[in-house]
Amino acid sequence: MVKIREFDATRYLDNDEVIRECLAACLEDSDPAVFLTALGDVAKAKGVTQLAKDTGLSRESLYKTFSEGTKPRFETIVKITRALGVPLSLGRNAGHAGS
């Protein structure tokens, strides 16, 4: 008998390069929920308890932030990405017209 378990992205988010690539790819999606889901997976992979300490947000607040259908404040997303070591960045030359 073959056992199939539910896919768990957190099992693959095991180094900073993979995390950055995953978040960058999800940020390109037009649906913000894709990025929030990925950010929640990264938070779980790195540890929500530690993330709560690093951001000053409660664990409950973090879980609510990553719940389906929520629309967290930009300030919250910035706190989380910085605490995870993957701050949001556009790059200095990205999309610069006239260069």
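The values are calculated or read from the model by the stated rules, or taken from the named source; none is laboratory data. Owing to the predicted nature of the structure, the values given are computational and were not obtained by experimental measurement. No Cβ is skipped: glycine too gets one built from the backbone with ideal geometry, and neighbour counts run over all protein chains shown.
Worth a mention:
- In region 41-81, residue nearest to the chain's Cα centre (by Cα) [restricted to those that are closer than 18 Å to residue 15 by Cβ and free of Cβ contacts under 8 Å to residues at least 40 places away in the same chain]: 41
- Candidate set from region 49-84 (those that are more than 16 Å from residue 34 (Cα to Cα), touching a Ser or Thr at 6+ places or on another chain (Cβ under 7 Å) and among the basic types (Lys, Arg)); member that is surrounded by the fewest Cβ atoms within 10 Å (Cβ to Cβ): 59
- Test for residue 90: is it free of Cβ contacts under 8 Å to residues at least 60 places away in the same chain and touching a Leu at 6+ places or on another chain (Cβ under 9 Å): no
- Annotation for region 34-45: no member residue is among the basic types (Lys, Arg), closer than 21 Å to residue 75 by Cβ and modelled with pLDDT of 90 or more.
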